[in-house]
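Enquirer: One structure, as structure tokens, below. Some questions next.
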There are 2 protein chains.
Amino acid sequence: MQAVGIVVEYNPFHNGHAYHLKQAKKVAQADIVIAVMSGTFLQRGEPAMVDKWTRTKMALAGGVDIVIELPYVYSTAPASDFAKGAISLLSAVGCESFAFGSENGSIQPFLNTFELIDHNRSEYDILIKESLKTGASYPKSLHYAYEQLSQKFPAPYIDLAQPNNILGFHYLEAAKSLGSHIKPLTIPRIAAGYHDVLKEDSSIASATGIRKALASTSSLQSVQNVVPESTFDFLADWYNKYNHFASWERFWPLLQFTIIRHTPSELTRYAEVTEGIENAIVKAAKTSNSFNSFMEKVKSKRYTWTRLQRMITHIYTGFTKEQLQSFEQPTFIRLLGMSSKGQAYIGKHKKDIELPLISRVAATNDAMLAIDIHAAELYNLSIEQGTKDRPLPKDYQTPPIRC
Amino acid sequence: MQAVGIVVEYNPFHNGHAYHLKQAKKVAQADIVIAVMSGTFLQRGEPAMVDKWTRTKMALAGGVDIVIELPYVYSTAPASDFAKGAISLLSAVGCESFAFGSENGSIQPFLNTFELIDHNRSEYDILIKESLKTGASYPKSLHYAYEQLSQKFPAPYIDLAQPNNILGFHYLEAAKSLGSHIKPLTIPRIAAGYHDVLKEDSSIASATGIRKALASTSSLQSVQNVVPESTFDFLADWYNKYNHFASWERFWPLLQFTIIRHTPSELTRYAEVTEGIENAIVKAAKTSNSFNSFMEKVKSKRYTWTRLQRMITHIYTGFTKEQLQSFEQPTFIRLLGMSSKGQAYIGKHKKDIELPLISRVAATNDAMLAIDIHAAELYNLSIEQGTKDRPLPKDYQTPPIRC
């Protein structure tokens, strides 16, 4: 049995994802699709709108055969570490290839770009530093260095200003740096830009657009056209129970208290919180009535919104630099869900899988896993507060979903 | 002008307090009464039911001439440190005497008890250790040691099982250890035991009884007989604005999140959290829906309820052992309120006052004061959340109340 891997967050699973996974299977000529999915907190530094179990159900209903969790250590990390965690898990679970959606849509320009940067690493690094010194953000500086290099050695390259091209590049880089034989594939993204809002006549929208639509209207109907029926039903079930979808705006009271409880200098203990920003964070928290107004006060040219949200995530969960930097690579494969074909795949390939497979968490003692469980506890508590007597499944007690 | 000092929390100010302060003035033959009052978090390890400014207004309306704040470092400390902070402030502000309410009601037995323990200190300490080894709580062990000693050297002593006698003893001890000339006086408490609930036909009730009555009924009328009209009006104003009185039960969502955000071992950083209790605290927080059910799970023979609540207070505010242990004695006198007679006293005695008088906090940079301001910020935030657009006075911007 051949497996193709994909890297997902499914926040929530929508028609674009359904298209992507069908294409991935087709292009890779694979029998099954394995998705490595962020758990409770995501790469953009946000809580997932619904919990990992609900998103696993969406994935399985949408055609994924195996869902494995991307640990918090990677799911909330900068793109390069995020990619490393994801690709090494897909590689360890035995995927022969992985497929990512990209604006570019063909793989050769990705390979060209990788070679260009890989062969000119020291010049590239100097160019980045030059740009950082002018006060530009890290992504902007990467882009500047890349522009300079690619003009020197002309070839078809990817446009590194496109968010999905960037991620794809990091996947490729991760595969190379891991020395993995996993084969990169890319699929052109259809319609819907990353940040676009919903269009009335389209069945494709970005997850960001869907979340915005859900935040601005109390009606789920507004997203019915752009998600599979199964996703719609899972969202409706969740909303009936909790009356909201998780977001920083909803978590703001707990976040605000948590920030203000610290002195500025204490905040610099937490992962990604660089010195110099701590005073602004505390001051903004003291004078804001909402997450959005808080972020408007903290944002600066120096940091991207996403980067700031990742700092906030680690402050919220309480993970320090020391804690998150202590890991070299994933130490386990946690199964969140499997179709019958996925179960057959696991049965057949069990011996070849390079990391311990975890399906019952309660029995496992692993430092990286302890972080995931802690993050899930805080996530669940944040949702449950104010919706008494509707407990979410306890993360460490929940077995993989089978369907 | 002669001043008598009293140590108060006024949570809330009631008829018993009004009686006590009149008696204090009379017994001391004083012109004015100076109260040193806990700010936001109190000696039993609880948030004050209304903020320090409202309680200051109650005190002034009830006849106190000067209200000075007992800093957090002392107001949330074990009885002996609480007493040290309070008595050294009353001494520094120039009080010739201090008067405390006690079950015993006359001062000689207090002096006898102090001498007994002071002269037999090493034997006393051995007896305490003996008792602690059997697993008894610290207060119980003190009591045991005291019983043993007092049988050996018979004289009229105080009953150290009575809560106000204990506090009084610590006041006396504090005055002696400070080498202060301030003269101790005591006034017999009338009616109402410490923990008694309200009696229908009485105008005297304990503050604990009043808080219980207010927590169990939505009607303020139930306490009208046992508080001065002014207190009643201040309570009513507060309730109209915030729709609740501060308590751990109200703060539970923030407290629960804060506890669970920590690993057990991190909790031992906080003041008074002794090793061995941290696992029980985290476990209980994870499985409780209310503060009371949490405390029922954490309580043990080893710790009094009050001691546990003080640990909780420091976890909530985030003050570590290191931070709170760094102070030798009060570094300032913070004025919360003054009557016209109080203002006259300050004017007359300004030169004799041994510590800097603080009335405008914004202009002051003091480590002990920074702790009070931080505690007040967290207290205010906890009350304001859920009652949008009703900000409490910012602690560092509020000048003393004059009337």
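Enquirer: Looking for whichever is among the hydroxyl-bearing types (Ser, Thr, Tyr) and in contact (Cβ under 8 Å) with a residue 40 or more places away in the chain here; the options are A:THR331, A:THR287, A:THR313. Which one fits? Outline the logic, then answer.
Expert: Details: A:THR331 fails: in contact (Cβ under 8 Å) with a residue 40 or more places away in the chain; A:THR287 fails: in contact (Cβ under 8 Å) with a residue 40 or more places away in the chain.
Of A:THR331, A:THR287, A:THR313, the one residue that is among the hydroxyl-bearing types (Ser, Thr, Tyr) and in contact (Cβ under 8 Å) with a residue 40 or more places away in the chain is A:THR313.
Enquirer: A:ILE383 - would you say it is away from chain B (no Cβ under 11 Å) and either outside any helix (DSSP H, G or I) or touching a residue at least 12 places away in the same chain (Cβ under 8 Å) (or both)?
Expert: For A:ILE383, the condition - away from chain B (no Cβ under 11 Å) and either outside any helix (DSSP H, G or I) or touching a residue at least 12 places away in the same chain (Cβ under 8 Å) (or both) - is met.
Enquirer: Starting from the stretch A:245-271, keep only residues that are within 11 Å of chain B (Cβ to nearest Cβ), then list their pairs with residues that are surrounded by fewer than 19 Cβ atoms within 10 Å (Cβ to Cβ) and assigned to a loop (DSSP other than H, G, I, E, B) whose Cβ atoms are within a distance under 7 Å, requiring at least 6 positions of separation or different chains.
Expert: Every condition considered, the pairs that remain are A:TRP252/A:SER290; A:PRO253/B:GLN385.
Enquirer: For B:HIS195, are the conditions met, namely being over 19 Å from B:LEU21 (Cα atoms), in a loop (DSSP other than H, G, I, E, B), modelled with pLDDT of 90 or more and not acidic (Asp, Glu)? Break it down into steps so the answer makes sense when it comes.
Expert: Numbers: over 19 Å from B:LEU21 (Cα atoms): yes; in a loop (DSSP other than H, G, I, E, B): yes; modelled with pLDDT of 90 or more: no; not acidic (Asp, Glu): yes.
Criteria not met by B:HIS195.
Enquirer: If you don't mind, another one. Taking into account only those residues within the stretch A:198-229 that are within 16 Å of A:SER102 (Cα to Cα) and of a type in the set (A, V, I, L, M), which is modelled with the highest pLDDT?
Expert: Per the criteria, the residue is A:ALA207.
Enquirer: A follow-up question, please. Just one of B:ILE315, B:ILE373 is over 25 Å from B:LEU178 (Cβ atoms), surrounded by fewer than 20 Cβ atoms within 10 Å (Cβ to Cβ) and within 12 Å of chain A (Cβ to nearest Cβ); which is it? Let's see the steps before the verdict.
Expert: On the way: B:ILE315 fails: surrounded by fewer than 20 Cβ atoms within 10 Å (Cβ to Cβ).
Checking each option against the conditions leaves just B:ILE373.
Enquirer: Is there a residue in the stretch B:36-53 that is in contact (Cβ under 8 Å) with a residue 60 or more places away in the chain and in a helix (DSSP H, G or I)?
Expert: yes
Enquirer: Looking only at the stretch A:345-370, filter to residues that are exposed (fewer than 14 other Cβ atoms within 10 Å of the Cβ) and small (Gly, Ala, Ser); which one of those is farthest from the other protein chains (Cβ to nearest Cβ)?
Expert: Filtering first and then ranking leaves A:GLY347.
Enquirer: For the subset of the stretch A:54-81 comprising residues that are small (Gly, Ala, Ser) and assigned to a helix (DSSP H, G or I), which member is farthest from A:ASP233 (Cα to Cα)?
Expert: Residues of the stretch A:54-81 that are small (Gly, Ala, Ser), as a first pass: A:59, A:61-63, A:75, A:77, A:79-80.
Those left that are additionally assigned to a helix (DSSP H, G or I): A:59, A:61-62, A:75, A:79-80.
Details: A:ALA59: 13, A:ALA61: 11, A:GLY62: 12, A:SER75: 26, A:ALA79: 32, A:SER80: 34 Å.
Step by step, filter the stretch A:54-81, then rank; the result is A:SER80.
Enquirer: Quick one: B:ASN279 ticks every box in (1) more than 14 Å from every other protein chain (Cβ to nearest Cβ); (2) without any contact (Cβ under 8 Å) to a residue 12 or more places away in the chain bar one, so which box is it?
Expert: For B:ASN279, the failing item is (2).
Enquirer: Could you tell me whether the stretch B:294-308 includes any residue that is crowded, with 20+ Cβ neighbours inside 10 Å, within 14 Å of chain A (Cβ to nearest Cβ) and at pLDDT 95 or above?
Expert: yes
Enquirer: For residues that are open to solvent by less than 10 Å² (accessible area, probe 1.4 Å) and hydroxyl-bearing (Ser, Thr, Tyr), scanning just the stretch A:73-96, find the one that is nearest to A:ALA174 (Cα to Cα).
Expert: Result: A:SER75.
Enquirer: Okay, moving on. Select from the stretch B:243-282 the residues that are of a type in the set (Phe, Trp, Tyr) and over 23 Å from the mean Cα position of the chain (by Cα) and list them in ascending order. Give the derivation first.
Expert: So the first thing to find is which residues in the stretch B:243-282 are of a type in the set (Phe, Trp, Tyr), and the list is B:245, B:248, B:251-252, B:257, B:270.
The one that is of a type in the set (Phe, Trp, Tyr) and over 23 Å from the mean Cα position of the chain (by Cα): B:PHE257.
Enquirer: For the stretch A:124-168, enumerate the residues that are in a helix (DSSP H, G or I), open to solvent by less than 70 Å² (accessible area, probe 1.4 Å) and among the polar types (S, T, N, Q). Give the derivation first.
Expert: The first filter runs over the stretch A:124-168 and keeps only residues in a helix (DSSP H, G or I), leaving A:124-133, A:138-152, A:163-168.
Of the ones still in play, those that are also open to solvent by less than 70 Å² (accessible area, probe 1.4 Å) are A:124-125, A:127-128, A:131-132, A:139, A:141-143, A:145-146, A:149-150, A:163-168.
Answer for the stretch A:124-168, where residues must be in a helix (DSSP H, G or I), open to solvent by less than 70 Å² (accessible area, probe 1.4 Å) and among the polar types (S, T, N, Q): A:SER131, A:SER141, A:SER150, A:ASN164, A:ASN165.
The values are calculated or read from the model by the stated rules, or taken from the named source; none is laboratory data. Since the structure is predicted, the reported quantities are computational estimates derived from the model, not experimental observations. With ideal geometry, Cβ positions are generated from the backbone for all residues, glycine too; neighbour counts draw on all protein chains shown. Ligands, DNA and RNA are excluded from the accessible area calculation, which covers all protein heavy atoms including side chains. Shrake-Rupley method; radii C 1.70, N 1.55, O 1.52, S 1.80 Å.
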